[in-house]
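Trainee: Sharing a structure, written as structure tokens. Questions coming.
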Amino acid sequence: MQPKGVKAPSGDLQTSPPYVREVSKALSPAELGEHFNMSIKMEPIAIVHTDAKELPRQWTVSDVEGTLVIDDRYLEGIKDIEAGQRIVVIFHFHRSPEFDASYLTQKPRHRKKRLGVFSIRSPIRPNPIGMSVLEVLKVKKNIIHVKGLDMLDGTPVLDIKPHIDG
């Protein structure tokens, strides 16, 4: 059964990717109702370690090195990560203050006016999730040595994905 407002793709189902959908109309928050009230639970797969006392504001300007210490339960999942590769690290801003409506707009240091939270890289967000692209220096057992950190020591890592240049 298709969700309300979503049509199955036309054409041969054998050749159409299952994720392709044509949206016939926008769904209102009232129609989505229960989806806005769901709870999502995540657990860290790794912890960031670095001796750096100061970190750049974002990974694009960072030369900071450190490690991602992977939980042994996920060791098999990193077997194909290699030195020289770039990885996308999704992490939790674990030291950010609790979000409230006063943070919907914020004034970044480099801007003169307040901007909406979804148009800036602030760690104070409704869901305090960050993303960085790191260079893999080496992998040894459950430790990934990386360069480009903009995460604090002890930061929980939620996921690691390969970086695809595009």
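Each value in this text was obtained by applying a stated rule to the coordinates, not by laboratory testing. Not measured: the values here are computed from a predicted model. Because the Cβ atoms are built from the backbone with ideal geometry, glycine has one as well, and the counts that use them run over all protein chains shown.
Trainee: Note down the Stokes-Einstein diffusion coefficient of segment 86-130 in µm²/s, whole number, using a Kirkwood radius over alpha carbon pairs, 4 °C, and 1.567 mPa s.
Mentor: Estimated via Stokes-Einstein, D reaches 114 µm²/s.
Trainee: Set the bar at 20 Å for Cα to Cα. Now go through LYS79/LYS141; LYS79/LYS140; LYS141/LYS161; LYS41/LYS147 and name every pair that lies beyond it.
Mentor: LYS41/LYS147
Trainee: Could you grab the relative contact order for segment 52-163? Cα pairs under 8 Å, six or more apart, rounded to a whole percent.
Mentor: The value is 45 percent.
Trainee: What are the ³J(HN,Hα) couplings of segment 38-52, residue after residue, when phi is run through the Karplus curve with 6.51, -1.76, 1.60 and θ = phi - 60°? Round to Hz, x for glycine and proline.
Mentor: Along segment 38-52, the couplings run 6, 9, 10, 10, 10, 10, x, 9, 7, 10, 7, 10, 8, 8, 4 Hz.
Trainee: Read phi for every residue in segment 139-156 and hand back ³J(HN,Hα) as whole Hz from Karplus 6.51 cos²θ - 1.76 cosθ + 1.60, θ = phi - 60°, with x for Gly and Pro.
Mentor: 10, 9, 6, 9, 10, 9, 8, 10, 10, x, 4, 9, 10, 6, 4, x, 5, x
Trainee: A follow-up question, please. Sort 155-166, 102-113, 64-75 for me by packing, meaning the mean count of neighbouring Cβ atoms within 10 Å per residue, highest on top.
Mentor: Ranked by mean Cβ neighbours within 10 Å, highest first: 64-75, 155-166, 102-113.
Trainee: Sticking with this one: If segment 110-162 were replaced by its equivalent ellipsoid, with semi-axes equal to the square roots of 5 times the Cα gyration tensor eigenvalues, what would those be, largest first, whole Å?
Mentor: Output for segment 110-162: semi-axes of 28, 12, 10 Å.
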